[in-house]
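Below you'll find the structure, written out as structure tokens, and then a few comments.
Coordinate-derived values only; no laboratory data. Values in this document were obtained by computation on a predicted structure and should not be read as measured data. Note: ideal-geometry Cβ built from the backbone for every residue, glycine included; neighbour counts use all protein chains shown.
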Amino acid sequence: MALLEVNHLKKYYASQKAVDDISFSIARGSIFGLLGPNGAGKTTLLRMITGIFYPDEGQIIFEGRPFEAERDILRIGYMPEERGLYKKMKIGEQVLYLAQLKGLNRQEALEKVKRWFQKFGMESWWNRKVEDLSKGMQQKLQFVTTVLHEPSLIILDEPFSGLDPVNANLIRDEIHGLAERGCTIIFSTHRMAEVEEICDQIVLINKGRKVLDGAVGTIKEQFKEHRFLVKTAEGQTLPPGKDYRILDQDASEFTIQLNGQHDTNALLSDLIRQNITIRAFNEILPSLNDIFIRLVNDNQSTTRAFQNNLS
Amino acid sequence: MNKILIIARREFLTRVQKKTFLLTTILLPVIIFGLYGLIIYFSIKGKDDLHIAIAGGNNALTGKLENNKSLRFSYLNEKDPAALQQLLKDKQYNGFILLPDSFKADAHDSLELVTLSSVGLMAKENIERRLNAGIEKIRMQRLLAPGVTLEAMDSARTEIPLRVTKAGKSDSTGFAYGLGFFCGILIYMILFIYGAMVMRGVMEEKTSRIAEVIVSSVRPFQLMMGKIFGIGAVGLVQFLIWIALVIGLQLLLPLIFPGMGDQVAAQAPGVPGAMTGSSPMVNAMKQLSQYMGDANMPLILLCFILYFLGGYLIYSSLFAAVGSAVNEDPQDAQQLMLPITMPIIFSFVIMTQALNNPDGGLALFGSLFPLSSPIVMMARLPYGVPAWQLLLSLAFLVLGFLGTTWLAGRIYRTAILMYGKKPTWKEMLRWAFRKG
């Protein structure tokens, strides 16, 4: 059963359609990537899912029931892109306070905070103030406040920005751990490398509309351009053939593109028959980055201003 | 626990635990009273007593000048200025006035006070007044028929104070004016001080970007109300401490300066009949406590707390709306605050009118209209206000509070997550009345 379902969600502002008819569903325990260029409507979409905004139209189904902010926001942890904590407040008190706002009582909150602080080596921070922490430390603290109440849905908006590789790894491991324990994670970013690494499923939105939806592997499969890397023995060259085009050559490494749905086995036996020694033969799948850029650029011509709809 | 309570608790505790809170709440009244005490102390003890010698003028003024502790006159037969100078240098006198032989006690006489050290303005006026009073006696005596004494003349001029009674009570107009003014100005200050505190708190949440984290846990309205209630509680506690301190210090002051009343009374110059009978200070104290009894202090105190809370709630939600709309720039806040500060200042203007004419139409309007009633009604209360007006005013106050909170809540929830350019009031009102 899907943990979260979004059906035909719309949110229009005075001058533009921020979110225009977006639907998707997220399986329980999966890590879901919400991608899109700046200003695509990601934050607006997330704010509707976290109950900060009401959608103009459409429906959000959370844990099988229509989303009801009062009740369901306690089951959600949201780390916005622009993070913030009270600068002058002591860290221990602050985390307890935010946990209480999520419905935990003081005692429960205290135990959980202690456990997380231990895990991240933050015990000595208790009486310090946020303004004394470095940016990376604040980020870790913010992550703890987001997941402390053990929400079933965790929404992380650019969680790795500003983190050094060590801490980024720490957080990444936590994200995987949480997903294994049944948490569902929505991961919003425009850094494709992170997405390929972490996400099971992605949705790409641009200008308020969904342009892509599916598992990372499936999408790559879908956007593949039949490119292959062929490595031959030293000194040998690939003769031009009618079934493929040579796109690039680097010493004895050739990047080729097959015409149409040409069978790779047939190509290989053809090459072998010509006495070419094949050292390696790899399919080159497009990176999400390439797909992202291609789709966003394709989309550039369309607009979401209201005037165009009228004419 | 209710979310609003959790938020209010944090707002309250973080402010009360600050050192500045302790400083302003406890130290400020102590400092003010300390200064007050010092002023009294110095005005009693610290002043140098003046001793002035009067010479020449055929002893016309002898025995005609009033003496008291701080200013004494002696009459000398010496007429040589050099000898008088010598007396000054010997510190026998602080100064001397050598009257000319042609002294006739009329406008053509010129008098000169010779001193070694300079004389303060107050002291100079004091001496001048005593001298002229003495000279007046001489002139008066010339006009009187033979056998008529000045004392008889004085007793003929004795004034009988007029007492105004209203509905069986003794009058207390002056007291009511003072109390009304004091209450009104106190509410006026409260609205600004705590309103601005709410606004700064909201701005802090917005600029530090914690607002978005919190509104993903609670409704924006809960966040706003929690802040307003928390800071309101801070204000209430601060006021209760101040009231307790003021009462405590008021009781302490006479203990620190025993006999203060008598000396202040002795200080007061030229009060006719003041030297006889009990001192005016003691009289004033008695009168004050009598007025307090008449003015129904418990009702005023209760209304003060009600209007304090009502006025605070009305305005603080508006201040919260402004705070949510501005970004980093405090100057933006100044501009957006104008529509809120105007009614407070107008209330103050109406209040000064109401104090002079507490039953007039403007006063009635001002004390019913919820944006001005906290200030204007508090000013009218000591004069006595019909019960129906008071109840109507309180009812409007509650309605006004609900209205502004609703309006502010709608603006707040949109504005708190808006960054970028400063919105205009027009835009803010559009957010407020937008559906959904």
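Below is a table of values for the structure above.
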| quantity | calculated |
| --- | --- |
| Exposure proxy ranking, count of Cβ atoms within 10 Å, fewest first, for A:248, A:56 | A:248, A:56 |
| Label point distance in nm, residue B:429-residue B:296, each placed 7 Å from Cα along Cα→Cβ | 3.9 |
| For residue B:74, residues with placed amide H under 5 Å, excluding near neighbours | B:52, B:53, B:54 |
| Rounded to whole Hz, the Karplus (6.51, -1.76, 1.60) HN-Hα couplings of the range B:340-357, x for glycine and proline | 8, 6, 4, x, 5, 5, 4, 4, 5, 5, 4, 4, 5, 5, 5, 5, 7, 9 |
| Most mobile of A:15, A:152, A:161 in a GNM of chain A (Cα contacts under 10 Å) | A:15 |
| Under 27 Å from the Cα of residue B:104 - lysines, other chains or at least 8 residues apart | B:64, B:79, B:124, B:137 |
| Centre separation in Å (Cα based) which lies between the range A:225-272 and the range B:113-159 | 126 |
| Percent of beta bridges antiparallel (DSSP, the range A:2-221, rounded to nearest 5) | 55 |
| Counting DSSP beta bridges with both ends in the protein assembly as shown, the antiparallel % (nearest 5) | 60 |
| Additional length obtainable on full extension of the chain from residue B:143 to residue B:40, 0.36 nm per residue less Cα span | 32.9 nm |
| Spin-label zone in the range A:64-87 - amide nitrogen under 13 Å from a point set 7 Å from the Cα of residue B:419 along the C-beta vector | A:80-85 |
| Anisotropy class of the range A:225-284 from Cα gyration tensor, a/c 1.5 cut | oblate |
| Estimated FRET transfer efficiency when R0 is 45 angstrom, pair residue B:31-residue B:75 (beta carbons, to 0.05) | 0.45 |
| Computed over the range B:50-156: relative contact order in percent, which uses C-alpha pairs under 8 Å that are six or more apart | 29 |
| Where a label projected 7 Å from the Cα of residue A:118 along Cα→Cβ would reach, residues of the range A:153-192 with amide N under 19 Å | A:174, A:178 |
| Selected from A:253, A:196, A:150 as most flexible by GNM, with chain A as the system and alpha-carbon contacts under 10 Å | A:253 |
| Percentage relative contact order, chain A, counting C-alpha pairs under 8 Å, at least six apart | 21 |
| Extension gain (nm, one decimal) between residue A:253 and residue A:106, 0.36 nm per residue minus Cα-Cα | 46.6 nm |
| Per-residue [θ]222 nm for the protein assembly as shown (sum of -39500 (n - 2.57) over DSSP H runs n ≥ 4, rounded to 500) | -17000 deg cm²/dmol |
| Number of partner chain Cβ atoms within 10 Å, mean per residue of B:330-342 | 0 |
| Normalised convex hull volume, the range B:12-140, alpha-carbon set, Å³ per residue | 151 |
| Long-range HN-HN contacts of residue A:78 with modeled amide H, under 5 Å | A:155 |
| Estimated FRET transfer efficiency (residue B:116, residue B:157; beta-carbon r; R0 41 Å; 0.05) | 0.55 |
| Calculated from backbone phi, Karplus (6.51, -1.76, 1.60) coupling profile of the range B:20-33 in Hz, x at Gly/Pro | 5, 5, 4, 4, 6, 6, 9, 6, 4, x, 5, 5, 4, 5 |
| Separation of alpha-carbon centers, the range B:199-256 and the range A:156-181, rounded to whole Å | 38 |
| Rh (Kirkwood; distinct C-alpha pairs) - the range B:124-255, Å | 22.1 |
| Linear extension gain, residue A:70 paired with residue A:218, 0.36 nm per residue minus alpha-carbon span | 49.6 nm |
| Residue of A:259, A:275, A:38 that the Gaussian network model of chain A assigns the largest fluctuation, springs spanning Cα pairs under 10 Å | A:275 |
| Vicinal HN-Hα couplings computed from phi for the range A:161-175 (Karplus, 6.51 cos²θ - 1.76 cosθ + 1.60; Hz; Gly/Pro x) | 5, x, 9, 6, x, 5, 5, 4, 5, 4, 5, 4, 4, 4, 4 |
| Quotient of Cα Rg and 2.2 N^0.38 Å for chain A, N being how many residues it contains | 1.24 |
| Ratio Rg/Rh, restricted to the protein assembly as shown and using Cα atoms, in which Rh is the Kirkwood radius | 1.24 |
